[in-house]
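Student: Pasting in a structure now, in structure tokens, and then I'll have a few things to ask.
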Amino acid sequence: AYNGLIGIGKAVENVPDIIVSDMMMPEKNGYEVCDTLKNDERTSHIPIVLLTARADASSKIEGLRRGADAYLAKP
């Protein structure tokens, strides 16, 4: 999806097996995508991997706190 808002819509519509999301996106960022999908019973079971250049510990903790199943830093 081009942005987080479209990605949320596609996830609700298609219910994928896994979601790999960037953190920095227009409309909704990766944290907001996690919040939305993990708090919706239709999509809460889908594993979400956040892929980002933000490799600091506080960003990783925040991503996991928001429901990401994995937080991977880009090289």
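Student: Tell me, what is the per residue accessible area of the chain in Å², probe radius 1.4 Å?
Tutor: Values: 4540 Å² over 75 residues.
Per-residue accessible area for the chain comes out at 60 Å².
Student: Please list log₁₀ I(q)/I(0) at q = 0.24, 0.26 Å⁻¹ for the chain, using the Debye equation with identical point scatterers on the alpha-carbon positions.
Tutor: The Debye formula, applied to the Cα set alone, gives -1.07, -1.24.
Student: Something else now. Quick one: with all protein chains in place, what share of the accessible area of the chain is carbon or sulfur, to the nearest percent (1.4 Å probe)? Working shown, then result.
Tutor: Details: 2430 of 4540 Å².
C and S atoms contribute 54 percent here.
Student: Towards the positive end of the charge dipole of the chain, with charges on Cβ (+1 Lys, Arg; -1 Asp, Glu), say which of 43, 11, 53 has the farthest Cα.
Tutor: 53
Student: Add -39500 (n - 2.57) for each DSSP H run of 4 or more in the chain, then divide by its residues: what number comes out at 222 nm, to the nearest 500 deg cm²/dmol? Before the final figure, lay out each step's value.
Tutor: Details: 3 runs with 29 residues, N = 75.
For the chain, the value works out to -11000 deg cm²/dmol.
Student: Loop-only check: which trypsin sites (Lys or Arg not before Pro) in segment 1-52 are DSSP coil with at most 16 other Cβ within 10 angstrom? It would help to have the intermediate numbers written out before the result.
Tutor: On the way: sites: 10, 28, 38, 42; in loops: 28, 42.
When the trypsin sites (Lys or Arg not before Pro) of segment 1-52 are filtered for loop state and at most 16 Cβ neighbours within 10 Å, 42 remain.
Student: Treating only the Cβ atoms of Lys and Arg (+1) and Asp and Glu (-1) as charged, compute the dipole magnitude of the chain about its Cα centre; round to the nearest 20 debye. Don't jump to the answer; show the numbers that get you there.
Tutor: Details: 9 positive and 11 negative charges, 37 e Å.
Computed charge dipole of the chain: roughly 180 debye.
The values are calculated or read from the model by the stated rules, or taken from the named source; none is laboratory data. Predicted, not measured: the structure shown is a model, and the values here were computed from it. So basically every Cβ, Gly included, is an ideal-geometry build from the backbone, and we count neighbours across all protein chains shown. With ligands, DNA and RNA removed, areas are computed over all heavy atoms of the protein, side chains included. Shrake-Rupley method; radii C 1.70, N 1.55, O 1.52, S 1.80 Å.
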